[in-house]
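Report on the following structure.
The values are calculated or read from the model by the stated rules, or taken from the named source; none is laboratory data. These numbers come from a predicted model, not from an experiment. Neighbour counts run over all protein chains shown; Cβ positions are idealised from the backbone, glycine included.
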Amino acid sequence: MKHTLTPQRYLILLAVMLTASVGDTLLSHGMTQVGPVSLAHLGLLLAAMKNPWVVAGILCLLGFFASYLTALSWADLTFVLPATAFGYVVVALLSKFWLHEAVSVYRWAGILLIVCGVGFVANGPSLTEHPQPAGKEA
Amino acid sequence: MTVASPFETWATIVTVAATAVAGDVLTAGAMRKIGDLDEIRAHSGLAGAIKAVVGSPMFLLGVLSMAASFFSLLFTLSNVDVSLAAPASASLTFLGNAVAAKLFLKENVDRRRWLAALFVCAGVFLLSK
């Protein structure tokens with residue numbers, strides 16, 4: 001049986017891609033407001049927990065972990081991982097078109113490679129079928 | 001900022017990647033054992049799904065490996081330039097995961113998935129340029 005995914009499961013994979021990149025971006029925005037944390041001033045990390053951007057970032061990353069685990073429960077690791085890499089592409093595109101940062105030729109090449117990689121995997125089955133041990137057939 | 005010798009540099013980067021691979025493979029293996037989370041949630045609710053995941057020793061071991069990877073990345077970043085350490089460990093993790101998924105999870109890593117792992121590995125490295 002070739003495993004294909006329902007629309008709801010594609011939404012979970014979309015959540016995996018978006019929550020990781022958006023969460024990282026929120027955290028990085030929040031931590032620039034908090035300022036540099038050194039080993040001597042670890043208390044600053046507690047203060048960071050009061051920053052709304054940091055809190056939103058942590059919530060996003062919790063959402064990422066939940067959707068990542070859900071995806072792993074019905075798809076192969078080698079199917080889900082390229083999807084997580086697609087998050088890097090989302091960050092690069094966000095930084096180009098939203099923050100108007102310069103994206104170098106190398107980064108465009110990297111984006112192209114990741115998109116191709118995700119495309120290869122997305123066209124295949126999402127889960128490896130293991131033959132049932134003898135006597136266990138349903 | 002690089003102060004470490006090439007051996008130290010690559011040893012720490014490989015440690016970050018190896019612990020990350022262990023974390024990913026252990027959590028993926030745990031989720032395969034636990035079964036479809038959507039179905040578990042339909043039967044016993046979100047609390048039941050969370051209990052099934054957190055109660056798995058394999059999952060907890062995976063989280064421990066991820067934590068080890070995080071702290072070894074912090075250690076690496078204090079000795080090695082971030083522009084080398086971050087993309088190199090991320091790329092190695094993608095390749096290592098493909099190998100480990102085939103060996104330990106018995107996933108069918110066909111030519112399509114090998115190509116994807118190589119493309120993503122190279123792509124992640126280029127993104128940092």
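Where the second residue is among the acidic types (Asp, Glu) and crowded, with 21+ Cβ neighbours inside 10 Å and the first is at the interface with chain A (Cβ under 8 Å from one of its Cβ atoms) and lies in region B:90-106, which pairs have Cβ atoms under 6 Å and are six or more apart or on separate chains?
These pairs meet every condition: B:Asn97/B:Asp24; B:Ala101/B:Glu107.
One residue is enough: does region B:55-68 have a residue meeting the conditions in a helix (DSSP H, G or I), over 18 Å from the mean Cα position of the chain (by Cα) and either more than 10 Å from chain A (Cβ to nearest Cβ) or modelled with pLDDT under 90 (or both)?
no
Please verify whether A:Leu72 is within 22 Å of B:Gly35 (Cβ to Cβ), within 11 Å of another protein chain (Cβ to nearest Cβ) and under 10 Å from the mean Cα position of the chain (by Cα), treating the condition exactly as stated.
Against the criterion (within 22 Å of B:Gly35 (Cβ to Cβ), within 11 Å of another protein chain (Cβ to nearest Cβ) and under 10 Å from the mean Cα position of the chain (by Cα)), A:Leu72 does not qualify.
Considering only region B:86-129, state which residues are more than 17 Å from A:Asp76 (Cβ to Cβ) and of a type in the set (Gly, Ala, Ser).
B:Ala86, B:Ala88, B:Ser89, B:Ala90, B:Ser91, B:Ala122, B:Gly123, B:Ser128, listed by residue number.
Would you check if there is a residue in region A:38-46 being part of a loop (DSSP other than H, G, I, E, B), modelled with pLDDT under 85 and over 16 Å from the mean Cα position of the chain (by Cα)?
Among the residues of region A:38-46, at least one is part of a loop (DSSP other than H, G, I, E, B), modelled with pLDDT under 85 and over 16 Å from the mean Cα position of the chain (by Cα), which makes the answer yes.
Starting from residues that are hydroxyl-bearing (Ser, Thr, Tyr) and without any contact (Cβ under 8 Å) to a residue 12 or more places away in the chain, keep the ones in region B:1-58 and report whichever is surrounded by the fewest Cβ atoms within 10 Å (Cβ to Cβ).
B:Ser5
Considering only region A:101-114, how many residues are within 8 Å of chain B (Cβ to nearest Cβ) and either in contact (Cβ under 8 Å) with a residue 24 or more places away in the chain or not in a helix (DSSP H, G or I) (or both)?
Summing the residues that are within 8 Å of chain B (Cβ to nearest Cβ) and either in contact (Cβ under 8 Å) with a residue 24 or more places away in the chain or not in a helix (DSSP H, G or I) (or both) in region A:101-114 gives 2.
Hey, can you tell me all the residues within region A:97-108 that are at pLDDT 85 or above and surrounded by 15 or more Cβ atoms within 10 Å (Cβ to Cβ)?
Within region A:97-108, A:Arg107 is the sole residue that qualifies.
Examine region B:80-87 for a residue that is more than 20 Å from B:Val16 (Cβ to Cβ) and surrounded by fewer than 17 Cβ atoms within 10 Å (Cβ to Cβ), and state whether such a residue exists.
Within region B:80-87, not a single residue is more than 20 Å from B:Val16 (Cβ to Cβ) and surrounded by fewer than 17 Cβ atoms within 10 Å (Cβ to Cβ).
Pairs only if they're at least six apart or on different chains, beta carbon under 8 angstrom, first in region A:79-100 and more than 11 Å from chain B (Cβ to nearest Cβ), second of a type in the set (Ser, Thr, Tyr) and surrounded by 17 or more Cβ atoms within 10 Å (Cβ to Cβ); list them, first residue then second.
Listed pairs, sorted by first residue: A:Val90/A:Ser21; A:Leu94/A:Ser21; A:Leu94/A:Thr25.
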